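Trainee: Following this message is one structure expressed as structure tokens.
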Amino acid sequence: MKDSPRKRLPTAQSIAQWCKASLSSEKHLLVKSISSTTRFKVADKPWGGVFREATDRRVERFTESISFDRRLAEQDITGSKAHARMLARVGLISEEECLQITQGLEEIGREIAEGRFPFRVELEDIHMHVERALIERIGDVGRKLHTARSRNDQVATDMRLWIREAIDDLLASLRRLQAAFVGRCDRDGDCILPGYTHLQRAQPILAAHYWLAYCEKFERDRQRLVDCRSRVNLCPLGSAALAGTSLPVDRHAVAEALDFAAPTANSLDSVSDRDFVAEFLFCLSLIAVHLSHWAEEWILWSTCEFNFLRLPQGFCTGSSIMPQKINPDVLELIRGKAARVIGSLQQILVLLKGLPLAYNRDLQEDKLPVFESFDTVRDSLELAAPLVTQTEINRAAVQERLDRGYLDATTLMEYLILRGIPQRSAHEAVGRLVLAAMDRNCRLVDLPLAIFQEVVTTLDESVREVLGPESAVRRMRSFGSTAPEAVRQQIEAWKRRLESETL
Ligand code: ARG
């Protein structure tokens, strides 16, 4: 193999040049002369000083993260600008240098945003790309930016900034979905639906009660994200590689400039900690699980067999062979894509379980699951909201089914309890009445009084008033139940909550 200049040791001549340069007044020029005049600069890497051999091309391809961590560009530049301002404040760089760095970074940011920035696999990751581009633009001043910083604290900061924004986006998406559910209440909240347990008919519920059940689930998802955000919102910058830095940095100032609540407390922990990533993925997983079981329910409810819902056609697709098909593909994919999100949580937990302190390159693998899961959940939420709004309840089909399944049996049992019959006896009595009705293939309300009295002697015709799904709903008393008044109060509370926030 031909010997490349990169592989040669520094020559006597180059060292002499370096020594000469070291006498020059400008310190950064001296550093420049090391890298530009000696011959041990390998593979053009920021870390190349100690290397004698160039990086194998296959290794470059294997270790790069620029193909995905370019999504951190904005955060990386924001973090670097705050870092530069701090360096100027503590006197590690001059105000003029800080200005040059800031302007250079902003230009790079614009180029990246406009898709004009050249990404190269040899430069590994977004941090090295931005730094290299800065040096190309502003020369040696750019070489000062990485003072008192390592990529280890830099990437941890970028991830925290990115996830913090992602959380804010998700909070808004969840609100829009909740608003879609609440919006249904005025339209068809009064409709009575059969409620299920074990997917068997159980008790009647108001549609509004059903809509708001999902609002509650997504509200807990929001609270979990808010809670997660408080642990995301700490600044690792200045932890440097793992031990901190001997340079006089002001970590509190950087934290404040980046709007973090505080700097992280322990440098060793800071560069290795990805708990916040795992927590974020758990939050996403639970949102995906909620979306998935909602989707499953609506897939069922929109079948011919149920026929409770008419899905908007814009959210369905057809079959290439069966001309009659209108399939609920969006719902199916919301259900199906939840698997990716749950998988990504598993992925991060397994990634972390074997890592010794502090930074390990394995941590680079945290990004794809985060980006992919966020995209999946955000897109699912953004499709779920219009689906909720545009789907119609097939009132006639629902109404027709309410008569089946003895949805009022529990109400009758509670009526008997109110008349002094012990619960176990009341349960058994109603069981026998249901059996009698099944034998006759009729509703409870259709049983002759003689049958009621055979089972409970004290019953009279007024028992019929407690029967039927409307009565079952109306008779509810407990806080949080499907009683119309309780539900009305909840709708009002939800409307107030949503109005107090801009969506
Ligand atoms: N691309 C790396 C990552 O995402 C950045 C940190 C690299 N640090 C290092 N010491 N090699 O984790």
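Just so you know, all these numbers are worked out from the coordinates, no wet-lab data involved. Keep in mind the model is a prediction, meaning the values are calculated, not measured. For neighbour counting, all protein chains shown are included, and Cβ atoms are generated from backbone atoms with ideal geometry for every residue, glycine included.
Trainee: Calculate, axis by axis, the spread of Cα positions in region 361-503 along the three principal axes, and write the results as whole Å, longest axis first.
Mentor: Principal axes ranked by extent give 76, 37, 33 Å for the Cα atoms.
Trainee: Within a 10 angstrom radius of the beta carbon, how do CYS191, CYS185, CYS304 rank from fewest other beta carbons to most?
Mentor: In increasing order of surrounding Cβ atoms, one gets CYS304, CYS191, CYS185.
Trainee: Hey, another quick one. What is the sum of charges, Lys and Arg at +1 and Asp and Glu at -1, for the other residues whose Cβ falls under 15 Å from the Cβ of VAL90?
Mentor: +1
Trainee: Is there a pair in LYS217/LYS367; LYS45/LYS367; LYS45/LYS144; LYS217/LYS337; LYS45/LYS81; LYS81/LYS367 whose C-alpha atoms are over 25 Å apart, and which pairs would that be?
Mentor: Distance filter (> 25 Å) returns LYS217/LYS367.
Trainee: Taking θ as phi - 60°, what are the ³J(HN,Hα) couplings along region 466-477 by the Karplus curve (6.51, -1.76, 1.60), each to the nearest whole Hz, with x for Gly and Pro?
Mentor: 7, 8, x, x, 4, 5, 4, 5, 4, 7, 4, 10
Trainee: To continue, here is another question. Report the chymotrypsin sites (Phe, Trp or Tyr not before Pro) located in region 200-248 that are in a DSSP loop and have at most 14 other Cβ atoms inside 10 Å of their Cβ, or state none.
Mentor: Answer by residue number: there is no such site.
Trainee: Hey, fewest Cβ within 10 Å first, where do SER478, SER285 land in order?
Mentor: SER478, SER285
Trainee: Another question about this same structure. Would you mind checking which residues have amide H under 5 Å from ASN394's amide H? H placed 1.01 Å from N; only 5 or more apart, or other chain.
Mentor: LEU309, ARG310
Trainee: Then there's this: Round to a whole angstrom and tell me the spacing of the C-alpha centers of region 360-388 and region 160-239.
Mentor: Result: 17 Å between the Cα centres.
Trainee: Follow-up. Find the relative contact order for the chain and round it to a whole percent, using C-alpha pairs within less than 8 Å whose residues are 6+ positions apart. Mind showing how you got there, number by number?
Mentor: On the way: 664 pairs, mean separation 67.7, N = 503.
In percent, rounded to a whole number, it is 13.
Trainee: Once the other residues with Cβ under 13 Å from the Cβ of GLU114 are scored (Lys, Arg +1; Asp, Glu -1), what is the net sum?
Mentor: Details: positive: ARG110, ARG116; negative: GLU74, GLU106, GLU107, GLU111.
With Lys, Arg at +1 and Asp, Glu at -1, the net is -2.
Trainee: Now, a different point. With +1 assigned to the C-beta of every Lys and Arg and -1 to the C-beta of every Asp and Glu, and no other charges, what is the dipole magnitude of region 161-240 about the Cα centre in debye, to the nearest 20?
Mentor: It comes to approximately 160 debye.
Trainee: Using the Karplus curve 6.51 cos²θ - 1.76 cosθ + 1.60 with θ = phi - 60°, what ³J(HN,Hα) values do you get for each residue of region 227-234, in whole Hz, with x for Gly and Pro?
Mentor: Listing the rounded values in order: 5, 4, 4, 5, 8, 6, 7, 10 Hz.
Trainee: Tell me the trypsin sites (Lys or Arg not before Pro) within region 441-503 that lie in a loop according to DSSP and have at most 12 other beta-carbon atoms within 10 Å.
Mentor: Counting only loop positions with at most 12 other Cβ atoms within 10 Å, the trypsin sites (Lys or Arg not before Pro) in region 441-503 are ARG477.
Trainee: So what is the calculated 222 nm ellipticity per residue for the chain, using -39500 (n - 2.57) for each DSSP H run with n of 4 or more, over all residues, to the nearest 500 deg cm²/dmol?
Mentor: Result for the chain, helices only: -19500 deg cm²/dmol.
Trainee: Which ordering of CYS316, CYS215 is given by a fewest-first count of other beta-carbon atoms within 10 Å?
Mentor: Fewest to most other Cβ atoms nearby, the residues stand as CYS316, CYS215.
Trainee: Just add up the charged neighbours of ARG58: K/R +1, D/E -1, any other residue whose Cβ is under 13 Å from the Cβ of ARG58.
Mentor: -2
Trainee: Using only the alpha-carbon atoms of the chain, report the extent along each of the three principal axes, biggest first, to the nearest angstrom.
Mentor: Principal-axis extents of the chain (Cα, largest first): 116, 53, 39 Å.
Trainee: Over region 191-276, consider all pairs of different Cα atoms and compute the Kirkwood hydrodynamic radius from their mean reciprocal separation; express it in Å, one decimal.
Mentor: 16.6 Å
Trainee: Charges only on Cβ, +1 for Lys and Arg, -1 for Asp and Glu: so what's the dipole of the chain about the Cα centre, in debye to the nearest 20?
Mentor: 1400 debye
Trainee: Right, next: Got a sec to turn the phi values of region 439-446 into Karplus ³J(HN,Hα) couplings, 6.51 cos²θ - 1.76 cosθ + 1.60 with θ = phi - 60°, whole Hz, x for Gly and Pro?
Mentor: For region 439-446, the Karplus curve yields 4, 8, 6, 9, 7, 4, 5, 8 Hz.
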